[in-house]
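Below is one structure; the comments refer to it alone.
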Amino acid sequence: MPKKTIREVIHDTVQSEMRRDPTVILMGEDVAGGAGCSGEDDAFGGAFGFYKGLVGEFGRGRIIDTPISEAAYIGAAAGAAMTGLRPIADLQFFDFLGVCFDQIYNQMAKFRYMFGGKSDTPLVILSLVGAGLRCGAQHSQSLHPQVTAVPGLKVVMPENAYDTKGLLLTAIRDDDPVIFLLHKLQFENACEVPDEEYLIPFGEASFVREGTDVTVVAFSAMVAKAVAVADRLREEGISVEVIDPRTTSPLDEEAILESVEMTGRLVVVDEAWERCSVAADISSIVARKAFGALQAPIMTVTAPHTPAPFSPVLEDLYIPGEDDIESAIREVIAYRR
Amino acid sequence: MTRRKATSGVKLDREQLLRAYRTMRTIRAFETRMGQEFEKGTVPGFTHLYSAQEAIATAVCMNLTDSDYIGSTHRGHGHSIAKGCDVKGMAAELMGKATGICKGKGGSMHVADLSKGMLGANGIVGGSAPLCVGAGLSAKTRNTGGVAVSFIGDGGSNEGAVFESMNLAVVLKLPVLFMYENNGYGEATGFSYAVGSGDISGRAGAFGMPAEKVDGTDFFAVYEAVQRAVERGRAGDGPSAIEAMTTRFGGHFVGDPQLYRAKGEVEKQRREMDCIPVFVDRVLKDKSVTRKALQDIDAQVESLIEEAVEEALAAPYPGPEELFTDVYKTY
C-alpha cells in the first residue's frame with residue numbers, strides 16, 4: 001500500500017472530489033497564488049502547498065484566490081453553499097476565526113434551524129491549529145473548543161493521513177458546515193493510505209491503543225504523544241487505552257464512557273486551553289455519566305491559561321508534552337481514596 | 001408641502017403596474033397589521049417594519065426571477081413579500097406558529113424561502129452582503145445567468161463585512177447588486193452622523209463598480225436603476241451599487257418612541273414621501289390604470305391580510321420535539 005503524507009492526502013482528495021462533482025470549488029487566500037503578479041502562476045498552491053497544481057487542472061473559476069478578506073470569503077462560501085455549490089474554504093490559520101466568526105456561528109451554523117430545515121449548507125472550512133512553529137500568539141492557537149460549542153457546526157480533527165482521507169471525503173459530501181482542522185506540525189506525517197475511496201463517519205472514535213488500566217482521550221497532535229507514552233508504560237506493565245475521537249462535534253461519548261467503565265480512570269489530553277474546553281467538556285460528561293466507575297479524579301493535560309509564547313524555550317513549555325501526559329497517567333494510577 | 005413626483009421615464013405595461021401596486025400595498029398592509037398585532041401581544045420578540053420603503057423592494061424584485069437571489073436585513077418583511085414569499089406563512093412565522101414559513105423557528109428577523117431565492121432576513125446588520133457575494137459566485141459558477149441582490153441599510157453600510165464584500169465582488173466580477181436603502185437612520189443614530197463621507201453610493205463606487213443614487217420614493221426611478229444593474233450582472237459585467245434615498249414611517253422597532261426624531265417629522269414625510277401615493281399619482285395621471293383597478297387590489301389585499309392573520313392566530317405552535325429538529329441533517 002502506498003504511503004502518503006497528510007499534505008498529499010489533502011491534495012489528492014480535493015482533486016478527486018473536484019473531478020467527481022462539478023459543484024465542488026476551492027476558495028481562499030493564495031490557494032493558487034500569483035494572481036496579479038508578474039512571476040509564476042500557482043506560486044503558493046495554498047499557504048502550505050496543499051493545492052499545488054490544482055489551478056492548472058480546474059482553472060481559476062473553481063480554484064478561487066480571494067483577497068485577504070476572511071469575513072467576505074467565508075461568508076461568501078456560506079452563501080454559495082446555500083445556493084448549489086459545495087465550497088471548500090481554506091482558512092490558512094484558524095486564529096483568523098476572529099475576523100470571520102460571525103459568518104460561521106451566526107450565519108452558516110444556523111441556516112438549517114432558522115429556516116425550518118429547508119436549507120443545506122454543504123461547506124468545509126479547512127484550517128490549521130496548534131503551536132510549535134514558533135509563530136507567536138496569533139498563529140498558534142487551538143480554537144476548536146470555540147466552534148465545538150456551537151450547535152449546527154461539525155468539527156473534525158484528524159491525526160493521521162489515513163483518517164484525513166476518510167474524514168475529508170465525508171466532510172465534502174456532508175450537507176452541514178464542517179470545520180476541518182489539521183495540526184500544523186503534522187501535515188508531513190505519512191502513513192499507508194489506500195488508493196480506493198473510503199468514508200469515515202463523524203462521531204466514531206478510533207481506539208489507537210487498547211488497554212485496561214487507564215483511558216487517555218487525546219486529539220490531533222496529542223494522539224501521537226499519548227501513544228508514545230502508552231507504549232513506554234506498557235513495558236512497565238501499565239496498560240493504557242488511547243482513544244482519538246477524531247471529531248469533537250459530534251463526539252463519540254459512548255466510546256469514551258465504555259472505556260472508562262472498564263478502566264475507571266481518565267486523562268484527557270488536548271492542546272487547547274482548559275477553561276470551557278473540549279477537555280473540560282469530556283471530563284464533565286464522564287463525571288456525570290460514569291461517576292460510579294471512577295476510581296480516581298479525572299486529569300486533564302492542556303496548554304496553560306496563557307497566550308502562546310514566541311520564544312522557543314517558552315513555547316516548548318506551553319505545549320503539552322509526553323512528560324506531562326506520563327505524569328498525569330502515573331498520578332491517576334497511583335491515586336488511592 | 002407637496003408630494004414628491006415620479007419623474008423616471010421608464011415604461012411598464014398595465015399588468016406590471018398592477019403587480020407593482022399589489023406588492024407595495026401588500027407590504028404596507030402586512031406591516032401595518034403586524035404592528036397592530038405586535039402591540040396586542042400576538043407577535044413576540046422584535047419586529048422591524050418596512051413601511052415607507054415598499055417601492056424599493058418591489059422595484060428590485062420585479063427585475064428578478066426565482067433563480068435570482070436576495071439577501072435581506074432586520075427590516076425584511078417587504079423584501080420577502082416582494083420576492084414571492086407566502087404572506088400567510090410569513091404571518092404565521094412572525095407569530096412563532098408551526099405553519100410559519102420557517103416552522104416558527106426563525107421569526108421576523110429570519111424569514112427565508114430558498115425556493116424563491118430569498119436567502120433570509122438577517123439579524124446581523126450587513127449580514128447579507130457576504131452571503132449574496134456567495135450566491136452571485138454560485139450563479140456565475142453554475143452559469144445560471146442569475147444575479148444576487150444584497151439589501152443593506154444605511155446602518156449596515158458601515159459594516160466591515162460589507163466593505164470586504166464589495167471588494168470581493170469587484171475582484172471576482174460577480175453578478176451582485178449592493179442595494180442600499182438609506183432611510184436616514186441606523187437604529188437611533190442619523191445617517192449624516194454615522195456615514196463619515198455622507199455618501200454611500202460614492203463610497204461604493206470607489207470600490208470600482210458603477211454606483212448611483214436614486215429617489216427611493218419613486219418606484220420608477222428605482223426600477224430603472226435596478227434594471228441597468230441587473231442587466232450588467234447578467235451580461236457578466238460584474239457588480240453594481242444603488243443607494244435609494246428613503247425614510248421610515250415607524251421606529252427602529254415596533255414600540256420605539258422615536259425620541260430622536262423631530263416633532264412632526266414623520267407626519268411631514270407621510271405627506272411628501274409616501275411611495276404608494278407617489279406611484280398612484282403617476283399611474284393615474286398617465287391613465288395607465290384605472291382607479292377602480294387599484295381599488296379592487298386594495299380590497300383583495302385587505303382580505304388576504306385579514307385571512308393570513310386569522311389563520312396564523314388559529315394555527316398551532318410547534319410541538320416540543322421541534323426544539324431538537326433541523327440542527328443538523330445528520331449527527
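The values are calculated or read from the model by the stated rules, or taken from the named source; none is laboratory data. Computed from a predicted model, the values in this text were never measured in an experiment. Positions of Cβ are backbone-derived with ideal geometry, glycine not excepted, and every protein chain shown enters the neighbour counts. Just so you know, the surface numbers come from the protein's heavy atoms only, side chains and all, with ligands and any DNA or RNA stripped out. Shrake-Rupley method; radii C 1.70, N 1.55, O 1.52, S 1.80 Å.
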(message) On the basis of being more than 7 Å from chain A (Cβ to nearest Cβ), surrounded by 22 or more Cβ atoms within 10 Å (Cβ to Cβ) and not charged (D, E, K, R), does B:Val176 make the cut?
(response) yes
(request) Keeping to the range B:232-273, report how many residues are more than 30 Å from B:Ser138 (Cα to Cα), charged (D, E, K, R) and either over 15 Å from the mean Cα position of the chain (by Cα) or open to solvent by 20 Å² or more (accessible area, probe 1.4 Å) (or both). (result) 9
(request) Name the helices (runs of 4 or more DSSP H) wholly inside the range B:22-137 in which the number of residues that are more than 24 Å from B:Phe220 (Cα to Cα) is 1 or more. (result) B:87-94
(request) Hey, can you tell me all the residues within the range A:87-114 that are touching an Asp or Glu at 6+ places or on another chain (Cβ under 7 Å), more than 7 Å from chain B (Cβ to nearest Cβ) and surrounded by fewer than 24 Cβ atoms within 10 Å (Cβ to Cβ)? (result) A:Gln92, A:Phe96, A:Val99
(request) Please determine, by comparing only the residues of the range A:295-318 that are farther than 22 Å from A:Pro250 by Cα, open to solvent by less than 20 Å² (accessible area, probe 1.4 Å) and not charged (D, E, K, R), which one is nearest to the chain's Cα centre (by Cα). (result) A:Ala303
(message) For the condition outside any loop (DSSP other than H, G, I, E, B) and within 22 Å of A:Ser249 (Cα to Cα), what is the one hit in A:Ile333, A:Ile282, A:Ile329?
(response) A:Ile282
(message) Being small (Gly, Ala, Ser), at negative phi, in a loop (DSSP other than H, G, I, E, B) and at pLDDT 95 or above narrows it down to one residue among B:Gly236, B:Gly196; which is it?
(response) B:Gly196
(request) Read through the list (1) open to solvent by 60 Å² or more (accessible area, probe 1.4 Å); (2) touching a residue at least 60 places away in the same chain (Cβ under 8 Å); (3) assigned to a loop (DSSP other than H, G, I, E, B), then give the number of the only condition that B:Thr217 fails. (result) (1)
(request) Please enumerate the residues belonging to the range B:193-214 that are within 22 Å of the chain's Cα centre (by Cα) and either closer than 18 Å to B:Cys61 by Cβ or of a type in the set (S, T, N, Q) (or both). (result) B:Ser201, B:Val214
(request) Tell me the strands (runs of 3 or more DSSP E) entirely within the range A:57-149 that contain at least 3 residues that are touching a residue at least 60 places away in the same chain (Cβ under 8 Å). (result) A:86-93, A:123-129
(request) Consider A:Arg275 carefully, then state whether it is open to solvent by 20 Å² or more (accessible area, probe 1.4 Å) and out of contact with any Asp or Glu (no Cβ under 9 Å at 6 or more places or on another chain). (result) yes
(request) Name the single residue, out of those in the range A:246-272 being in a helix (DSSP H, G or I) and within 19 Å of the chain's Cα centre (by Cα), that is surrounded by the fewest Cβ atoms within 10 Å (Cβ to Cβ). (result) A:Glu253
(request) Could you grab me the full set of residues in the range B:266-298 that are in a loop (DSSP other than H, G, I, E, B) and farther than 12 Å from B:Arg3 by Cβ? (result) B:Asp286, B:Lys287, B:Ser288, B:Val289, B:Thr290
(request) Those residues that are within 14 Å of another protein chain (Cβ to nearest Cβ), part of a loop (DSSP other than H, G, I, E, B) and open to solvent by 40 Å² or more (accessible area, probe 1.4 Å), I need them from the range B:304-331; list them, please. (result) B:Tyr317, B:Pro318, B:Phe324, B:Thr325, B:Lys329, B:Thr330, B:Tyr331
(message) Which condition from (1) of a type outside the set (S, T, N, Q); (2) surrounded by fewer than 20 Cβ atoms within 10 Å (Cβ to Cβ); (3) within 18 Å of A:Ser277 (Cβ to Cβ) is the one that A:Ile243 breaks?
(response) (2)
(message) When you check B:Val170 against the structure, is it open to solvent by less than 10 Å² (accessible area, probe 1.4 Å) and more than 9 Å from chain A (Cβ to nearest Cβ), yes or no?
(response) no
(request) Consider only pairs whose beta carbons are under 9 Å apart and that are at least six residues apart or on different chains; among these, list those whose first residue lies in the range A:284-311 and is without any contact (Cβ under 8 Å) to a residue 12 or more places away in the chain and farther than 10 Å from A:Trp273 by Cβ and whose second residue is of a type in the set (Asp, Glu) and open to solvent by 40 Å² or more (accessible area, probe 1.4 Å). (result) A:Gly292/A:Glu261
(message) Can you say whether B:Thr290 is under 20 Å from B:Ala29 (Cβ atoms), hydroxyl-bearing (Ser, Thr, Tyr) and open to solvent by 10 Å² or more (accessible area, probe 1.4 Å), as far as the supplied structure shows?
(response) no
(request) Could you identify the single residue in B:Asp68, B:Asp86 that is buried (at least 24 other Cβ atoms within 10 Å of the Cβ), in contact with a strand residue (DSSP E or B) (Cβ under 8 Å, 6 or more places away or on another chain) and more than 8 Å from chain A (Cβ to nearest Cβ)? (result) B:Asp68
(request) Filter the range B:145-167 down to the residues that are facing chain A (nearest Cβ under 9 Å) and polar (S, T, N, Q), then identify the one that is least open to solvent (accessible area, probe 1.4 Å). (result) B:Ser165
(message) Which count do you get for residues in the range B:197-214 that are of a type in the set (A, V, I, L, M), within 18 Å of B:Arg248 (Cα to Cα) and surrounded by fewer than 21 Cβ atoms within 10 Å (Cβ to Cβ)?
(response) 0
(request) Would you point out which residue out of B:Ala98, B:Ala129 is open to solvent by 10 Å² or more (accessible area, probe 1.4 Å), within 12 Å of another protein chain (Cβ to nearest Cβ) and of a type in the set (A, V, I, L, M, F, W, C)? (result) B:Ala98
(message) I'd like the full set of residues that are of a type in the set (Val, Ile, Thr) and open to solvent by 30 Å² or more (accessible area, probe 1.4 Å), limited to the range A:210-240.
(response) A:Thr212
